[in-house]
Amino acid sequence: MLVKINPETKVFGIIGFPLSHSLSPVMHNRAFEELGINAIYLYFPCKEVEGVVAGIKSLSIKGLSITIPHKEKICRYVDELDPMAKSIGAINTLVNKGEKVIGYNTDAYGALMALKSRIEDLRAKKVLIIGAGGASRAIGFALKEEGAEISITNRTEQRGIALAKELKAQFYPFPDIKGDFNIVIQTTPLGMYPEIEKMPLLPDSIFEKKPVVMDIIYNPMETAFLKLARKKRCETISGVDMFVYQGAKQFELWTGKQAPIDIMKETVISFLKGEIR
Ligand code: ATR
């Protein structure tokens, strides 16, 4: 990466704590480079979000990605929330428009785009979402807007039932799932590097109708759950797709330019394969 820094260089970054090795910096910096945009994307380890909005205004930081554990708490400090972010109750993106800092949730968009690249019309599709955390909420609200029929299963019953109620969805206690599905979405951390052998243990019947199966984990690119789905002859979508689309939407919100999606995806895959460091 070749960065020439001068007073006009726009600064972006990611906040979280502890800030694990996110792939957002390598992806966004490559995209800036590709389009010749005078900008840089940095890591900002951040324990407390209270001062973040005032801080980015005062330092003219143009935008931030928000990650664990701040996605919900930071909502109360922004000047405005995008309507979808408001219904989800969590954001992963800040855009500094000068007077106002606006919060968006591009995880929802990322998941939708990843699904729509395989299934054009999500209306009336039967979708099983495994998990009821922040990511599951974002995906659930996005799919509800598309008219999908949602079912949720979750280890902690209370949390699952609460989300199912908000989404007017069916709840199944984990792992007692009945019913057949067109789409299955795995949103728990089970199978994430380094514990790559793990997966939610669910009855084989969920694969019976040959659903499209998506995992939101992108490292490894093919989780144990996706491997199993592939063995059951289901079409699978890697978490890399959702990650790249959520990043592409952030890029467009920040720069007003169309994101170089193919380059961004190539960069993420090369990084995951260890080809770049
Ligand atoms: P995120 O914001 O990334 O979705 P989260 O809010 O911590 O993260 O949610 C994680 C989800 O994975 C939850 O649904 C969680 O289930 P609980 O509500 O029971 O905690 C689920 N999860 C995490 N570890 C799990 C495990 N070992 N087995 C099954 N589900 C698990």
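The values are calculated or read from the model by the stated rules, or taken from the named source; none is laboratory data. This structure is a prediction, so every number in the text was calculated from the model and none was measured. In this analysis, Cβ positions are derived from the backbone assuming ideal geometry, glycine residues included, and neighbour counts consider all displayed protein chains. What goes into the accessible areas is simple: the full protein's heavy atoms, side chains included, and nothing from ligands, DNA or RNA. Shrake-Rupley method; radii C 1.70, N 1.55, O 1.52, S 1.80 Å.
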- Query: Exactly one of (1) away from the ligand (no atom under 13 Å from the Cβ); (2) in contact (Cβ under 8 Å) with a residue 24 or more places away in the chain; (3) more than 21 Å from L226 (Cα to Cα) is unmet by T156. Its number?
  - Reply: (1)
- Return the only residue of S151, S136, S117 being hydroxyl-bearing (S, T, Y) and either away from the ligand (no atom under 16 Å from the Cβ) or open to solvent by 60 Å² or more (accessible area, probe 1.4 Å) (or both). S117
- Task: Output the number of residues of segment 23-53 satisfying the condition of being in contact (Cβ under 8 Å) with a residue 12 or more places away in the chain and either open to solvent by 60 Å² or more (accessible area, probe 1.4 Å) or not in a helix (DSSP H, G or I) (or both).
- Result: 18
- Item | Top-ranked residue of segment 212-271 - restricted to ones that are open to solvent by 10 Å² or more (accessible area, probe 1.4 Å) and aromatic (F, W, Y), ranked as nearest to F32 (Cα to Cα) | W254
- Candidate set: segment 249-277, residues that are free of Cβ contacts under 8 Å to residues at least 24 places away in the same chain and assigned to a helix (DSSP H, G or I); chosen: the one farthest from A138 (Cα to Cα): S270
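Please find, among F207, F174, the residue that is at pLDDT below 95 and either near the ligand (Cβ under 9 Å from one of its atoms) or surrounded by 17 or more Cβ atoms within 10 Å (Cβ to Cβ) (or both). Walk me through it before giving the result.
Details: F207 fails: at pLDDT below 95.
That would be F174, the only listed residue that is at pLDDT below 95 and either near the ligand (Cβ under 9 Å from one of its atoms) or surrounded by 17 or more Cβ atoms within 10 Å (Cβ to Cβ) (or both).
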- Item | Test for K178: is it outside any loop (DSSP other than H, G, I, E, B) and assigned by TED's automatic domain parsing to the domain that holds R118 | no
